[in-house]
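Notes follow the structure.
Derivation of every value follows stated rules applied to the coordinates shown; laboratory data play no part. Please read these numbers as outputs of a predicted model, since none were measured by experiment. Backbone-built Cβ (ideal geometry, glycine too); neighbour counts: all protein chains shown.
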Amino acid sequence: MGSDDLQNETVIGSVNTFGNETTVHGVRYMIARGHFLFRLCWLAIIVLAFVLFVIQAFNVYGDYASSPYSTKIDIVQQTFKAFPAVTVCNANRIRRSMLYDTNYEGLIDIDDNNRSESEVEDGEAERSEDIWRKVNGLYDWWGFYSASVADDFSDLINVVNPSQEQLMGYGHQLEKFLIQCTYDQQPCNMSSDFRVWQSRYYGNCFTFNFGMMETAEAITTSKTGALNGLHLTLWVEEDEYMGLLSPSRGAKVTIHPQNTLPFPEDEGINVGTGMATSIGIREEVIERISGMTNCVEEDGAGTNFTVTRTNTIYTVAYCLKLCFQQSLINICGCVDGILLDYTHCDVLNSTQRACVSMVHQLYINNGVCTVIAHSHARKGTSRKQYHL
């Protein structure tokens, strides 16, 4: 007997021994001696079971890889809570008295309507022309006014774009805007309790209890009701309003978690003048589960927006706005806001204007920032939001 025959008999013997002694159902009947059809049936059963096992394992892994989630809602009563951050902005972006002897002085003339009747008629006729085509320079405010195609001149809001430094000086100041402040019936510290920052649409904004301030710790509360909490008395300085840019009088109030950058244009509520307004809130905390993506660009190889650039913690809203501005930089070579320190898009440059419009349309149709639109914070983090 050759070595090959001996090896074959050894292998066959081992298989037969395994089949006779194994506790795996079906294998014994398939290997053990018996009728050929009987063994063939058991072979088919075992193969079918193995195929079903592979399919089931594949489905289970696919379900795991898709990061399924469930929602559990608990209503918790707590007597001691962190007080939210409260941001107040004047509805007027820039003070008219600060525009004299600046590039924006022409806006005062428009606001006062200091034109002859014939000039007004000519301006109205020009509104039917291509937008901004007859404007002579970035500070030709009469030209912009005449070329405006919006009945409420809202298209001029994006034309008047002071820098962050200019907004800081032109905007309303805390010492005049906020004439009274108490928290839980105790006076506020104006210098340490408020953080000043600039909004593209509302100029200087002031955040109470922001959180990340070296001069003050985050405030907590254990009291509820209208007699407690934050009480503010605001003076909006109506004589400083630019009616062309601020059609409504009052303030914009945004309630948001500490250490986050608010967006009053999206989240704020309007507070009118000459009245008392009370705001009650309910806090909602969302705990994120594992498997969610971070805030990165669509291709995964570009900017990571998870760490924000203003010493604030991650929020999806801020991430999306940063992504949009970064998309403008990548595609158009400019920005249209003050979130990023970069060259501002020229409204008189038809190429840049068309590019900005295209990126905006892509953003709306999920052509850019598509991953970010469905992104969440990392595992183990939570997000607070407040309902009025």
Per-residue Cβ neighbour rank within 10 angstrom, fewest leading, L322, L43: L43, L322
Using a 7 Å offset from the Cα along the Cα-to-Cβ direction at both I131 and N330, what is the distance between the two label points in nm, to one decimal? 2.5 nm
Quick one: I338, I331, fewest Cβ neighbours within 10 Å first, how do they rank? I331, I338
Compactness check, the range 173-284: C-alpha Rg relative to the 2.2 N^0.38 Å globular estimate gives 1.08
Of K252/K384; K81/K176; K321/K384, those spanning more than 26 Å from alpha-carbon to alpha-carbon: K81/K176
Treat each spin label as a single point 7 Å out from the Cα along the C-beta direction, and report the E284 to L227 distance in nm. 3.2 nm
Report ³J(HN,Hα) in whole Hz for each residue of the range 245-261, in order, from the Karplus equation J = 6.51 cos²θ - 1.76 cosθ + 1.60 where θ = phi - 60°; Gly and Pro get x. 9, 10, x, 10, 9, x, 9, 10, 10, 10, 10, 8, x, 4, 6, 10, 8
From the backbone phi of the range 187-195, what are the Karplus-calculated ³J(HN,Hα) couplings (6.51 cos²θ - 1.76 cosθ + 1.60, θ = phi - 60°) in whole Hz, Gly and Pro given as x? x, 7, 9, 4, 7, 10, 8, 10, 10
If each residue's Cβ is checked for other Cβ atoms within 10 Å, how do Y170, Y201, Y64, Y139 rank with the fewest at the top? Y64, Y139, Y201, Y170
So which trypsin sites (Lys or Arg not before Pro) in the range 154-252 are both in a DSSP loop and have at most 14 other Cβ atoms within 10 Å of their Cβ? K223
